[in-house]
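Working notes, beginning with the structure itself.
The values are calculated or read from the model by the stated rules, or taken from the named source; none is laboratory data. These figures come from a predicted structure and were not determined experimentally. When we count neighbours, we look across all protein chains shown, and the Cβ atoms used for this are built from the backbone with ideal geometry, even at glycine.
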Amino acid sequence: MNIEHVAIWTDDLEALKNYYSQFFKGRPNEKYINRSKNFESYFLSFESGARLEIMKMPGIPPTKNDTVHQQHLGIIHLAFGVKTMQEVNEKAKELELAGFPILSGPRKTGDGYYEFETLDPGGNRIEVTTLYQ
């Protein structure tokens with residue numbers, strides 16, 4: 001069994017689509033529009049087979065969670081795996097130069113990962129990680 005997809009509500013569908021396409025090589029499908037519900041979405045497919053659904057609809061309230069400290073129950077981050085520590089470093093530099101905050105790292109963790117954390121345009125926490133030896 002595998003996770004088929006993860007979904008994220010957003011108020012800026014195009015910004016999130018562009019972010020995951022540009023920085024994580026997500027391939028978006030054609031935008032789905034349900035006019036009766038005023039709902040729009042994209043599925044982005046990644047090389048691994050994982051998919052991310054990003055969705056927009058009026059009336060969805062903004063999160064009350066602290067997006068930087070993430071001290072609440074529930075899904076806390078999306079992690080993207082790369083093959084090398086150098087790729088982690090390069091992605092951190094690329095995102096930082098593009099204006100996205102680097103919240104921590106790159107660093108070695110106690111559980112065998114080399115990673116950094118950032119936020120996407122919607123304030124969702126993203127990790128880029130690899131196993132280190």
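What the table below lists for this structure:
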quantity	calculated
Residue list for the range 105-133, restricted to those being of a type in the set (V, I, T) and touching a residue at least 12 places away in the same chain (Cβ under 8 Å)	T118, I126, V128, T129, T130
Subset of the range 81-133 (residues that are over 30 Å from P62 (Cβ atoms), in contact with a Pro (Cβ under 7 Å, 6 or more places away or on another chain) and of a type in the set (A, V, I, L, M))	V88
Within the range 85-119, tally of residues that are of a type in the set (S, T, N, Q) and touching a strand residue (DSSP E or B) at 6+ places or on another chain (Cβ under 6 Å)	3
Of all residues in the range 101-125 being surrounded by 19 or more Cβ atoms within 10 Å (Cβ to Cβ) and aromatic (F, W, Y), the one that is nearest to K83 (Cα to Cα)	Y114
Cβ pairs under 9 Å, 6+ apart, first in the range 88-104 and touching a residue at least 12 places away in the same chain (Cβ under 8 Å), second part of a helix (DSSP H, G or I) and among the polar types (S, T, N, Q)	A98/Q22
Residues within the range 1-26 that are surrounded by 13 or more Cβ atoms within 10 Å (Cβ to Cβ) and closer than 23 Å to L97 by Cα, tallied	13
Complete set of residues in the range 1-36 that are in a loop (DSSP other than H, G, I, E, B), free of Cβ contacts under 8 Å to residues at least 40 places away in the same chain and not aliphatic (A, V, I, L, M)	K25, G26, N29, E30, K31, R35, S36
Those residues of the range 93-133 which are over 21 Å from T10 (Cβ atoms) and small (G, A, S), in sequence order	S104, G105, G110, G112
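Conditions (1) over 24 Å from E115 (Cβ atoms); (2) in contact with a helix residue (DSSP H, G or I) (Cβ under 7 Å, 6 or more places away or on another chain); (3) surrounded by 14 or more Cβ atoms within 10 Å (Cβ to Cβ); (4) modelled with pLDDT of 95 or more, marked per residue:
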{"position": "S41", "(1), (2), (3), (4)": "yes, no, yes, yes"}
{"position": "S45", "(1), (2), (3), (4)": "no, no, yes, yes"}
{"position": "G49", "(1), (2), (3), (4)": "no, no, no, no"}
{"position": "L52", "(1), (2), (3), (4)": "no, yes, yes, yes"}
{"position": "P62", "(1), (2), (3), (4)": "yes, no, no, no"}
{"position": "N65", "(1), (2), (3), (4)": "no, no, yes, no"}
{"position": "H69", "(1), (2), (3), (4)": "no, no, no, no"}
{"position": "I75", "(1), (2), (3), (4)": "no, no, no, no"}
{"position": "V82", "(1), (2), (3), (4)": "no, yes, yes, yes"}
